[in-house]
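Just below is one structure, and these are the notes that go with it.
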Amino acid sequence: MSEMRWYALSPVDAWFFRDGRPFNRGEDAQSSHCLFPPHATTVGGGLRASLARGLGWDGRRWTESIRERLGGHDSLGPLALAGPFLTYRDQGSAAPELLFPMPTHILGAIQHDKHKNDKAKWVATHALAPSKEPITTDLDRIHVPVSTQSHDEGCESGSRAAPTDELLLTAGGMAAVASGRLPTPDQCVPRERLSRVEARTGIARDPETHAVTLGDLYSPNFVRLDDRAGLIVGVSGLTDQMHPEPLFPLGGESRLAACDSITAPQLPQSDPPESGVTAVIALTPCRFSNDRWYGAGPGDPASLLHPDLTGDVVCAVIDRPIGIGGWKTNDKTDNGDPADQKKPSGPAAMQPYVPAGSVWWLSQPPAQPLTQIGDRTAWGFGRVLVARPCGL
């Protein structure tokens, strides 16, 4: 496979990404739920459409030549994606910093800095790790995640516990977590710093009468990024003659993305222990096709996460699943068969994915370097970081 190329994507105006909840004309749902960052399928679809136009695509079905280079609906062919990952250029920094969802086993509190006009900041105060002894639960006697230190330890008087789902972690912070340490406050970035939701209202009118009918009012929610925020994505399998357009539609409403080639970023590196309990942290959403959407739980063989893993899963901290669907196109080749012409395109079925930031603890470290788990890894799903457990 060819070397991976990396591209920075930035919005020309605002972007429109939404989840799989119904948002069709005439339905009760009049407003959309804003989704950011977009899933790999969305970014990969926009990039492949841009590449296809460079190969002569006319906006209809892909020719066999294009499919050989870019794959089809269910396959990327020779391509593979990495990301997308969020980036943010802080004031005074020379290059943008990679950002990742906060791992679910890192806990903290909001504290006020008396030396900086009582400015509030989120501080990581403790972490979760498997209990030393199994505990009786409704799932049998299993190890459960417990705090590695007192809730009061490291917390100032008056501080309050705060969830981590609205926090992002810098690459440096993720490296600290990989080595079994807590991140510093400067390595924790609130999501609200990167973007804001921009609600708009639209109405459809009959092109002949200009009249409005029931169900034609809608309220899309756009995402407007801070000037210092953006996305990056890696693509391998491209030939020297294949390049995405400098501007191409990305997401809904045909909103444009500016695409620039960049040097390969420095992704966080795994730092597994030599033996004993090992943490596996999801950097991107993970998809598993077995009967467990979460891959594997306490007591399950670790091979359910990846066939090369040995030992068992000790326990895990996983948030509720996220649904990822997409658009299924009639990607049959243009062979003139009337039967192929009639096959409809439409929404792809929603599938449950493990959200990024989820953590599994394994009874022993991987024997071989582990970078991805689960299915659809060519799309960028399932990228993981192998880490030392905090507090053990």
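Within segment 66-87, the set of residues being hydroxyl-bearing (Ser, Thr, Tyr) and either in contact with a Gly (Cβ under 8 Å, 6 or more places away or on another chain) or crowded, with 23+ Cβ neighbours inside 10 Å (or both) comprises 87 only.
Here 231, 247, 283, 238 are screened, and the one residue that is touching a Cys at 6+ places or on another chain (Cβ under 9 Å), modelled with pLDDT of 90 or more and among the aliphatic types (A, V, I, L, M) is 247.
Being surrounded by 19 or more Cβ atoms within 10 Å (Cβ to Cβ), of a type in the set (Gly, Ala, Ser), at pLDDT below 90 and farther than 26 Å from residue 80 by Cβ is true of residue 195.
When segment 227-275 is examined, which residues are found to be among the charged types (D, E, K, R) and farther than 18 Å from residue 81 by Cα? Selection gives 227, 228, 253, 255, 271, 274.
The strands (runs of 3 or more DSSP E) falling completely within segment 240-289 that include 1 or more residues that are under 19 Å from residue 356 (Cα atoms) map to 278-282. Against the test of being out of contact with any Leu (no Cβ under 7 Å at 6 or more places or on another chain) and at pLDDT 85 or above, the options 125, 104, 136 yield a single qualifying residue, 104.
Being touching a Lys or Arg at 6+ places or on another chain (Cβ under 8 Å) and either at pLDDT 90 or above or at positive phi (or both) is the requirement here; does residue 51 meet it? Criteria met by residue 51. A search for C-beta distances below 6 Å between a residue of segment 60-80 that is without any contact (Cβ under 8 Å) to a residue 40 or more places away in the chain and any residue that is surrounded by fewer than 17 Cβ atoms within 10 Å (Cβ to Cβ) and among the hydrophobic types (A, V, I, L, M, F, W, C), counting only pairs 6+ apart in sequence or on different chains, returns 66/55.
Scanning segment 44-86 for residues that are within 16 Å of residue 243 (Cβ to Cβ) and among the β-branched types (Val, Ile, Thr) yields a count of 1.
Exactly one residue out of 53, 60 is part of a loop (DSSP other than H, G, I, E, B), surrounded by fewer than 21 Cβ atoms within 10 Å (Cβ to Cβ), over 20 Å from the mean Cα position of the chain (by Cα) and among the basic types (Lys, Arg): that is 60.
Filter segment 249-261 for residues that are surrounded by fewer than 19 Cβ atoms within 10 Å (Cβ to Cβ) and touching a Lys or Arg at 6+ places or on another chain (Cβ under 9 Å); which is nearest to residue 383 (Cα to Cα)? Residue satisfying both the conditions and the ranking: 261. Scanning segment 296-306 for residues that are farther than 18 Å from residue 378 by Cα and part of a loop (DSSP other than H, G, I, E, B) turns up 296, 297, 298, 299, 300. Of all residues in segment 19-33, none satisfies being touching a helix residue (DSSP H, G or I) at 6+ places or on another chain (Cβ under 7 Å) and either modelled with pLDDT under 85 or small (Gly, Ala, Ser) (or both). Applying the selection to segment 354-372, what residues are of a type in the set (Val, Ile, Thr) and within 14 Å of the chain's Cα centre (by Cα)? Within segment 354-372, 354 is the sole residue that qualifies.
In the set 285, 272, 244, 301, only one residue is surrounded by fewer than 22 Cβ atoms within 10 Å (Cβ to Cβ) and either on the phi > 0 side of the Ramachandran plot or in contact with a helix residue (DSSP H, G or I) (Cβ under 9 Å, 6 or more places away or on another chain) (or both); that residue is 272. For segment 298-308, the candidate set comprises residues that are touching a strand residue (DSSP E or B) at 6+ places or on another chain (Cβ under 7 Å) and touching a residue at least 60 places away in the same chain (Cβ under 8 Å); within that set, the residue that is farthest from residue 354 (Cα to Cα) is 299. Residue count for segment 307-321, restricted to those that are part of a loop (DSSP other than H, G, I, E, B) and crowded, with 20+ Cβ neighbours inside 10 Å: 1.
The values are calculated or read from the model by the stated rules, or taken from the named source; none is laboratory data. As the structure is a computational prediction, the values presented were derived from the model and not from experiment. All Cβ positions, glycine included, derive from the backbone under ideal geometry; neighbour counts span all protein chains shown.
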